[in-house]
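A short reminder: the numbers here are calculations on the coordinates, not readings from a lab. These figures come from a predicted structure and were not determined experimentally. Cβ sites come from the backbone with ideal geometry, for glycine too, and all protein chains shown count toward neighbours.
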Amino acid sequence: MLNWYRTMLVMRLFEEKVERLFSDGVIRGTTHPATGQEAVAVGVCSVLKKGDYITSTHRGHGHFIARGGDPRRIMAEIFGKATGYSRGRGGSQFMADYRMGFLGGNGITGGSIPIATGAALSAKMKDTGKIAVCFFGDGASNQGTFHESLNLAGLWKLPVVYVCENNLYAMSTHVDKAIPIPYIADRAASYGFPGVVVDGNDLLAVREVMQAACIRARNGEGPTLVECKTYRHSGHSRGDQRIYRSREEEALWMTRAPIRRFRAVLIKRGALNQENDRHLRREARAIVTEAVRFAKQSPDPDPATLEEGVFA
Amino acid sequence: MRTISYTEALREALQEEMIINPDVFLLGEDIGIYGGAFGVTRGLLDKFGAERVRDTPISEQGFVGASIGAALAGSRPVVEIMFMDFITLAVDQMVNQAAKLHYVLGKQARCPMVLRTVGGGGRCYGPTHSQSLEAWFTHVPGLKVVAPSTPADAKGLLKAAIRDDNPVVFMEHKLLYGCRGEVSEAPDTVIPLGKARIARAGTDITLIAWSWMSAEAGRAAEEDLNTQGISAEVIDLRSLIPLDMDTIIASVKKTHRALIVQESCRTGGFGAEISARISETVYDYLDAPLLRLATPDIPLSASPALERAAIPDRSRIFEAARKLVEE
């Protein structure tokens, strides 16, 4: 349990550091921080087995960290360095580790939903026992890929868990302006499998729901759609001034912040005290500091390799 | 050697590869009991079962995307898009996912999938069932684009495409399905992607084409130009990506004239790319301007008269080639 707590801390500090590096002009391009969504990533990944597939999103650093990705190589990828997971070619939105089944983030909203579905199809046909977990946001649930994929998965009873991180906003568009029903999870009914709503800021609740969904998938009973209600503390991406939502709303969600809540659980259970909390925070900070040091010291990709790797 | 149809050749390729490799499977609309809109997969359901000959709902984006995911996870899907025109519904998955993942993920991802589809007019199917959209895909680095024109090539190239570790857009042609030709019975006749075929050797002009236009160019060369004393060399590209420029260049150096024939509309077609590359590399060898024959920049009509007027054919190839040589 302390491990999960530490991973959430690493995620948080990592994203805060990335935002700072962007505003300082140290790194370029764009980034989509998942600050405030730590309990979903860590809760989901905590129930997976080795080799299970994950597809991530444009907001994917945290998924990767929670799955066990090396923060140094993740940071190096954001820096566009040769030591990054994608050798500097993918950046913030395209990093993966195929050896661990982490099939990567995605620059297209909803783009990875059919891919997770296909990975699950392959796992089922090859009878590998693996399942696929597909992260996406509330916005992606309006894409055709979502509906077509869930239909296929329901039809073919695929071993896949669709994890919708409903953080209330697709960039600036509130879910109420984009989705005419209160629960995205209810969309699963059209495709013949269960949809479950869970408090995405409660790590243990996410775990519990995910455990049941993964058992279903592994038993050949088919997919589950898990809607995790959460909130991103920061803007959609770099430069977002959050003019579409109120500071009061943000303050309200801060009281439900996932790390704070999990810390309270750990303290209540006697697993955490001031001393080891301080120690874990120090560790998390050191991991992020080391990631930045590694990324800064890493070499740029060699421009001579520019045209390498278009084809396998 | 025995003679079989283009359709039978494709089916043999699928069947042989499915037997050799259990990771190969087929999916698409109505490919099971119906056998596909053009009958290519007919009978395969009985041989391999519904798991490996998988009917899909009408969800191109979903099942093309699922093919990509399955390929990334180690399967080798061959997905059928009923008409090439419907590929628009899956373009994001091909362009933003399949094509890019190997490169942008630093060579980790492999996407060994084949997207079989059928282009071309000649059947009066109208504007959304007759297009030749191959040029779009040649413009996206990371995709291979193959367009066979004979039964032997259909079989050998499809087998190569299935064995390739990259996403391949495999373009068939409605008018070719019934064409018959000699095809080796040897089980492992694979034709490598990226090697053009000199369909007919000649000395006066080079005709460059692919798919149905290659067949038409062959007839124009053999039956029309030949009788006029014009010796035309016909290059069937077989695959557009990778493109075999060496064969084109060697031919143009020999004949000093080139006519490029494409079925798709003129602007932004692949003929323009070939033309540019010829002029960039062997301009000095040309004795006449480079010429393209293409469908005009119009949507195709269902009217037989209008469709016939739109698409290049044997007689127009003959006329254009004759002019190039004689003027």
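Take the alpha carbon gyration tensor of segment A:14-102, find the square roots of its eigenvalues, order them as a ≥ b ≥ c, and report rounded if a/c is under 1.5; if not, report prolate when a/b exceeds b/c, else oblate.
oblate
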Once both label points are put 7 Å beyond Cα along the C-beta direction, the B:Thr189-B:Lys254 separation in nm becomes 2.3
From the alpha carbon gyration tensor of segment A:219-285, can you work out the equivalent ellipsoid semi-axes (sqrt of 5 times each eigenvalue) and give them in Å, largest to smallest?
27, 24, 13
Please tell me the relative contact order of segment A:55-195 in percent, rounded to the nearest whole number, where contacts are Cα pairs under 8 Å and at least six residues apart.
19
Can you pull the three principal axis extents for the Cα set of segment B:208-247, in Å, largest first?
34, 21, 7
Quick one: 3J(HN,Hα) in Hz for segment B:118-131, Karplus 6.51/-1.76/1.60 with θ = phi - 60°, rounded, Gly and Pro as x.
10, x, x, x, x, 10, 6, 7, x, x, 10, 9, 9, 7
What list of ³J(HN,Hα) values in whole Hz, one per residue of segment A:137-142 in order, does the Karplus curve 6.51 cos²θ - 1.76 cosθ + 1.60 (θ = phi - 60°) give from phi, with Gly and Pro shown as x?
x, 4, x, 5, 6, 9
Identify the residues of segment A:7-38 with backbone N under 18 Å of a label point that sits 7 angstrom from the Cα of A:Ile267 along the Cα-to-Cβ direction, or state none.
A:8-9
Kirkwood hydrodynamic radius (C-alpha pairs) into Stokes-Einstein, segment B:208-327, 20 °C and 1.002 mPa s, D in µm²/s:
147
Sequence gap at least 6, Cα distance under 8 Å: using those rules, report the relative contact order of segment B:171-327 to the nearest whole percent.
25
For peptide B:69-81, what's the mean number of Cβ atoms from other chains within 10 Å of each residue's Cβ?
6
In a Gaussian network model over chain A where Cα atoms closer than 10 Å are linked, find which of A:Asn166, A:Asn142, A:Asn276 has the largest mean-square fluctuation.
A:Asn276
Count, for each residue of A:142-153, the Cβ atoms from other chains sitting within 10 Å of its Cβ, then give me the mean as a whole number.
5
Which far-off residues, 5 or more places away or on another chain, put their amide H under 5 Å from the one on B:Glu233, with H placed in the peptide plane?
B:Gly202, B:Thr203, B:Asp204, B:Ile205, B:Thr206, B:Leu207
Take every Cα pair under 8 Å in chain A that's 6+ residues apart, average their separations, divide by the length, and report that relative contact order as a whole percent.
24
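What is segment B:154-211 by shape, rounded, prolate or oblate, if you read a ≥ b ≥ c off the alpha carbon gyration tensor as root eigenvalues and call it rounded for a/c under 1.5, prolate for a/b larger than b/c, and oblate otherwise? Please list the in-between numbers first.
Values: a/c = 1.60, a/b = 1.45, b/c = 1.10.
It is prolate, given that a/c is not under 1.5 and a/b is the larger ratio.
Beyond 26 Å, what percent of the Cα pairs of segment B:83-228 remain? List each step's numbers first, then the result.
Working: 3395 of 10585 pairs.
Of all Cα-Cα pairs in segment B:83-228, 32 percent lie more than 26 Å apart.
Count of lysine pairs in chain A with Cα atoms under 12 Å apart, counting only pairs 8 or more residues apart in sequence or on different chains?
Working: A:Lys49/A:Lys130; A:Lys50/A:Lys130; A:Lys81/A:Lys296; A:Lys124/A:Lys157.
Going through chain A pair by pair, I get 4.
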What 222 nm value per residue comes from the helices of chain B, counting each DSSP H run with n ≥ 4 as -39,500 (n - 2.57) and dividing by all residues, nearest 500 deg cm²/dmol?
-10000 deg cm²/dmol
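Shape verdict for segment A:184-262, please, from the Cα gyration tensor: rounded (a/c under 1.5), prolate (a/b greater than b/c) or oblate.
Prolate.
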Could you give me the percent of Cα pairs per 20 Å distance bin for chain A, shortest bin first, beginning at zero and ending with the bin that holds the maximum distance?
34, 59, 7
Which three extents, in angstrom, do the Cα atoms of segment A:173-307 have along their principal axes, listed largest first?
54, 51, 42
With a Förster distance of 41 angstrom and the Cβ-Cβ distance between B:Arg266 and A:Thr128, calculated FRET efficiency to the nearest 0.05 equals 0.25
What list of ³J(HN,Hα) values in whole Hz, one per residue of segment B:22-31 in order, does the Karplus curve 6.51 cos²θ - 1.76 cosθ + 1.60 (θ = phi - 60°) give from phi, with Gly and Pro shown as x?
x, 6, 7, 9, 10, 8, x, 7, 6, 8
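For A:Phe94, B:Phe63, what ranking results if the residue with the fewest other Cβ atoms within 10 Å of its Cβ goes first?
Numbers: A:Phe94 25, B:Phe63 32.
Exposure proxy ranking, most exposed first: A:Phe94, B:Phe63.
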Quick check: residue separation of B:Cys124 and B:Ala309 times 0.36 nm, minus the Cα distance between them. What number comes out in nm?
65.4 nm
Would you order A:Tyr231, A:Tyr53, A:Tyr183, B:Tyr283 from fewest to most other beta-carbon atoms within 10 Å of each residue's own beta-carbon?
B:Tyr283, A:Tyr183, A:Tyr231, A:Tyr53
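Which whole-number percent of Cα pairs in segment B:1-81 have a distance greater than 18 Å?
Working: 1255 of 3240 pairs.
Of the Cα pairs, 39 percent sit more than 18 Å apart.
Which order do the peptides B:40-53, B:239-252, B:180-193 take when ranked by the mean count of other beta-carbon atoms within 10 Å per residue, highest first? Before the final figure, lay out each step's value.
Numbers: B:40-53: 17.0, B:239-252: 19.7, B:180-193: 14.6.
Descending mean neighbour count gives B:239-252, B:40-53, B:180-193.
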With each run of n ≥ 4 DSSP H residues scored as -39500 (n - 2.57), what mean residue ellipticity at 222 nm is computed for chain A after dividing by its residue count and rounding to the nearest 500 deg cm²/dmol?
-13500 deg cm²/dmol
Cα centroid of segment A:103-147 to Cα centroid of segment B:111-167, whole Å:
26
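Trypsin sites (Lys or Arg not before Pro), restricted to segment A:214-312: which are DSSP loop and have at most 10 other Cβ atoms within 10 Å? If you can, show how the numbers build up before the last one.
Working: sites: A:Arg216, A:Arg218, A:Lys229, A:Arg232, A:Arg238, A:Arg242, A:Arg245, A:Arg247, A:Arg256, A:Arg260, A:Arg261, A:Arg263, A:Lys268, A:Arg269, A:Arg278, A:Arg281, A:Arg282, A:Arg285, A:Arg293, A:Lys296; in loops: A:Arg232, A:Arg238, A:Arg242, A:Arg245, A:Arg256, A:Arg269.
Those satisfying the criteria are A:Arg269.
Using a 10 Å cut-off around each Cβ, can you sort B:Lys174, B:Lys254, B:Lys155 from fewest to most neighbouring Cβ atoms? Spell out each step's value before the answer.
On the way: B:Lys174 20, B:Lys254 15, B:Lys155 27.
Lowest count first: B:Lys254, B:Lys174, B:Lys155.
Take the alpha-carbon positions of segment A:132-217, form their convex hull, and give its projected area averaged over all directions (one quarter of the hull surface) in nm².
On the way: hull surface 21.6 nm².
Projected area, direction-averaged: 5.4 nm².
Rounded to the nearest 5, what % of the DSSP beta bridges within the protein assembly as shown are antiparallel ones?
On the way: 11 of 65 bridges.
Antiparallel bridges: around 15 percent, rounded to the nearest 5.
Can you check what the Kirkwood hydrodynamic radius comes to for chain B, Cα pairs only, in Å to one decimal? Before the final figure, lay out the partial values.
Values: mean 1/r = 0.0501 Å⁻¹.
Result for chain B stands at 20.0 Å.
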Could you list log10 I(q)/I(0) for the protein assembly as shown at q = 0.09, 0.10, 0.11 Å⁻¹, which the Debye formula gives when each Cα is one point scatterer?
-0.78, -0.91, -1.04
If you average the C-alpha positions of segment B:230-297 and of segment B:1-32 separately, how far apart do those two centres end up, in angstrom?
32
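Within 10 Å of each Cβ in peptide A:101-110, how many partner chain Cβ atoms are there on average? Round it to a whole number, please.
3
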Sorted by chain and then number, the residues having a modelled amide H within less than 5 Å of the amide H of B:Val53, at least 5 places away or on another chain, are B:Leu26
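For segment A:1-77, run through the trypsin sites (Lys or Arg not before Pro) and keep only the ones in DSSP coil with at most 12 other Cβ atoms within 10 Å of their Cβ. Provide the component values of the computation, followed by the final result.
Values: sites: A:Arg6, A:Arg12, A:Lys17, A:Arg20, A:Arg28, A:Lys49, A:Lys50, A:Arg59, A:Arg67, A:Arg72, A:Arg73; in loops: A:Arg28, A:Lys49, A:Lys50, A:Arg59, A:Arg67.
Answer in residue order: A:Lys49, A:Lys50.
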In whole Å, largest first, the alpha carbons of segment A:38-175 cover along the principal axes 42, 39, 26
Mind listing the long-range amide H neighbours of A:Gly36? Cut-off is under 5 Å, sequence gap 5 or more, other chains count too, H placed in the peptide plane at 1.01 Å from N.
A:His233
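Of all DSSP beta bridges located in chain B, what percent are antiparallel, nearest 5?
20
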For segment B:33-164 (alpha-carbon point model, no solvent) the Debye-based log₁₀ I(q)/I(0) at q = 0.10, 0.18 Å⁻¹ works out to -0.33, -1.14
